[in-house]
Every structure is written in structure tokens, then in C-alpha cells.
1. Suppose we filter 320, 347, 374 for residues that are out of contact with any strand residue (DSSP E or B) (no Cβ under 8 Å at 6 or more places or on another chain) and within 16 Å of residue 240 (Cβ to Cβ); which single one remains?
2. Of all the helices (runs of 4 or more DSSP H) wholly in the range 341-417, which have at least 1 residues that are farther than 17 Å from residue 238 by Cα?
3. Between a first residue in the range 135-164 that is at positive phi and a second residue that is within 16 Å of the ligand (Cβ to nearest atom), which pairs have beta carbons less than 7 Å apart while being 6 or more apart in sequence or on different chains?
4. Identify, by number, the condition in (1) touching a residue at least 60 places away in the same chain (Cβ under 8 Å); (2) touching a strand residue (DSSP E or B) at 6+ places or on another chain (Cβ under 8 Å); (3) within 16 Å of the ligand (Cβ to nearest atom) that residue 237 doesn't meet.
5. Quick one: how many residues across the range 59-69 are buried (at least 16 other Cβ atoms within 10 Å of the Cβ) and part of a strand (DSSP E or B)?
6. Here is a check on your reading of the model: is residue 8 over 22 Å from the mean Cα position of the chain (by Cα) and buried (at least 22 other Cβ atoms within 10 Å of the Cβ)?
7. When only residues in the range 6-23 that are outside any loop (DSSP other than H, G, I, E, B) and closer than 20 Å to residue 279 by Cβ count, which is nearest to the ligand (Cβ to nearest atom)?
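Coordinate-derived values only; no laboratory data. The model shown is predicted, which means the values in this text are computed figures rather than measured ones. Please note: Cβ atoms are built from the backbone with ideal geometry, for glycine as well, and neighbour counts cover all protein chains shown.
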Ligand code: EPZ
């Protein structure tokens, strides 16, 4: 098990290239199970989660190769429609094969995802929607057993705009009879990227990116070649790194068009932000200002950026209030940041971050993907040395983070234990 050793309090400088989006690539890989032909998916980040999804579809009979951030994959002849617990427990997003399997093969056995560090995260809305489309769904021994004669399009209203729930319904509806309309759908850019991929394969999806999405079922989908969008959360993470370390960084190939909430808050925290096409230069030569944040579904402030901002605001000149409204247990980084000398108090779903002059290196433990990114930010801004344990969490969602940081002048080492 690897750990990071980071020498902090050093200005960074230079350019960093943003990788493809994990949360766009995962549903797109699952969607290739809908296609009657091979697909080529480009700009796919080389991450643990991507390899878990590829393993999952390979176990069902897909053939693929993955090199140089490109996947060549053919899922047109699946031999099994079972997603095993052993893989699903590693990555909840495995639930994304449910929609494609039930609509194309009319049966699916998919392990329930189980517990998660950041919250209960049920999948009831995914299951209710498939039932509304005519599937019969039972839970047996921790597995979702779904069968159907043929899925039928209908009107689905989502209690909450679930991201992977919306993606599962879109995929199920592409080969269903008639029209499906999703109300209160998730508007995340990753949902739009999935819809664009499917439309390129012959699907009839309109309204993606809005809260009402319409899908007219088609008989079959072909394969296609598609470029995954860049990762807005990785780009946002580097923006926090720039301001927390009082550096000037140019973040290249960032999906600026869908990062308004993040950029507004970085500016509010006192950083200067200059944008040129898809490149964003963050210049931090002034103090970090306190900022209040409330997480929301897109286009609100993303919960996946909450921990990174919390880390940056530990050094703000004043008090920031951070309210987490999406997941009920997403402040596990706080105890670790307080071990580094931060002064954060949790009250219900709020973190009150009282800015301090300095934070100090310590041994800290990563607990989930974004919490581990927040510890990297704190370590880069801290005095002395920090050791971050359990960085396998980080490798799930950041491609070559240590190498990218070394290229910016950071003193970071990956040490295998
Ligand atoms: C996606 O998870 C992302 N994962 C998450 O990113 C992200 O945090 C989340 O959306 C919110 O933006 C991927 O795209 C692979 P939700 P998802 O369903 O789809 C409740 C990261 O760090 N809910 O939109 O699982 C749920 O409990 C990860 O990259 C139900 O109640 O999130 C939560 O409170 C972490 N019933 C809320 O909706 C359901 O059936 C939003 O969750 C589904 C969800």
C-alpha cells in the first residue's frame, strides 16, 4: 500500500494538462454494452476505477484493449449479464451496467453497491424507474435481479436529480419501446457527455443538460468513436492547489464551460483567474479570503469540490461556512486537517472553518477520493513534512497526480509500504 510524503510550503509554477473525466468515462464504458458494434473511446484517464469498470464488462464477455488513454472495446456479444459483488463493492458506479443489461438482454443480476464512506447512497430511484418501465426487480442475497419482456417508455419523475440514476434511465430508455421522459433529471455535464456518445451511436436523446430529458427508443445502436470530456473536478482541484500554495498555475484543457461555480468561488477567495480558450491561469499573490459554500446538484457548487475548498480555506483570513447538502458523511477529511493544525468545527451538515496562519505536516489518513485530494492540498501548503496513508483512494480518481505535481515543482514522493 503506497503513501505520499510531501514537503510543504513551496510555491509551484508552470502548466498542468487535465485528463479525461472519470465520471464521464465510467457511464460511457457501461453504455458500450448497448452497442451492436465495436467502439473507440478516447481521452480516457488511466485510473483504478476505469480498470474496475473494464474488468466488470470483460467478465461479462466484452473484449477490449486500453492503451494511451484510448479504449477499443466490443461488447456486442455478452456471455453473462451478472455483475459480481467482488467488483461492485470496489466501485459503486458499477451500478451503471444495470440499465444497459436489462434493456438489451432483458435480464440482469447486479450486486447492490453496499456501504460507502461518504453516505448511505441508496439506488432506489434507479430500481423504481426500471420498474416503471416494466421490469420486474427483486433483491435476493444482496443482488438486484431484474427481468423484462421488453422495456416500455414512460414518464419518470425523480425525487432528487441523481446523476448515475439519470444515466441508467437514459441508457435503459435508448432501446425501450416508445418515448421516455425524465423530469427533475440530473444536469451534470457528464450526463450530457453520455447522451452525446449515445446519440453518436444512433440513439434519440434530447434535453440532456436540462432537467427534462426525452428519449425515443430505437431498435439498435451501432458502435462509434468518441472523445471523453476533460475532468472538471481535477481542474478545480489544481485551482485550489494554486491558491493554497500562493502559486501561479496554468491549467490546460480545462472544461471551463461547466466550471462557473468553482471559478466564482476561487475568485471570491481572492485568487486572480485568467481564461484563454480552455486554459485557465490561477494567480495567487494575495491572501486567501474566507468564503461560504453550499453544495448543490449542477450547476450549483459540486460536492466533489467541497473537501478541496475546505483544505484551502483552513488558511483563509477569517471564517468560512461550508454546508454539505448532497452526502450525509462527507466531512471525514476535517479530523485529519485538524490534526495538521487547522481549526474546523462540525455542526450538523456544516463545517465552520476558522482560518489559521499556518498548518503543519503530520501523518494523516485518506478516507475517500476527494478527502485524499484535500489532504494533498493541505500538505503542499503546510510547514514541514506530511505523510498521507491509503492513497489508493486517490488513485481511483486522479491520473498521475504525484507526477503532475512534481512537474510543477512540488516536493512529493510516492513511497510503497
Ligand atoms: C455521482 O454519484 C458521482 N459519481 C459522484 O462523484 C458525485 O459525488 C455525485 O454524483 C453527486 O454529484 C459518478 O458519477 C460515478 P447521486 P451518484 O445519485 O450518481 C441520493 C466522486 O468523487 N440518491 O447523484 O452515486 C444520494 O444518496 C464521486 O467522483 C437516492 O436517495 O450520486 C445522494 O444523497 C463521489 N436514491 C443524492 O441522491 C438513489 O437512487 C445524489 O446522489 C440515488 C441517489
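1. Working: 320 fails: out of contact with any strand residue (DSSP E or B) (no Cβ under 8 Å at 6 or more places or on another chain); 347 fails: within 16 Å of residue 240 (Cβ to Cβ).
After ruling out the rest, the residue left standing is 374.
2. Working: elements: 369-381, 392-395, 401-407.
Output list reads 392-395.
3. 142/111; 142/112
4. It fails just one condition, (2).
5. Total satisfying the criteria: 2.
6. Details: over 22 Å from the mean Cα position of the chain (by Cα): yes; buried (at least 22 other Cβ atoms within 10 Å of the Cβ): yes.
Yes.
7. Going residue by residue through the range 6-23, those that are outside any loop (DSSP other than H, G, I, E, B) are 6-7, 13-17, 20, 22-23.
Imposing the further condition that a residue be closer than 20 Å to residue 279 by Cβ reduces the set to 13-17, 20.
Working: 13: 28, 14: 26, 15: 24, 16: 19, 17: 19, 20: 13 Å.
My answer is 20.
The rows are residues; the columns are (1) surrounded by fewer than 22 Cβ atoms within 10 Å (Cβ to Cβ); (2) more than 27 Å from residue 255 (Cα to Cα).
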{"position": "138", "(1), (2)": "yes, yes"}
{"position": "156", "(1), (2)": "no, yes"}
{"position": "160", "(1), (2)": "yes, no"}
{"position": "179", "(1), (2)": "yes, yes"}
{"position": "183", "(1), (2)": "yes, no"}
{"position": "193", "(1), (2)": "no, no"}
{"position": "209", "(1), (2)": "yes, no"}
{"position": "213", "(1), (2)": "no, no"}
{"position": "219", "(1), (2)": "yes, yes"}
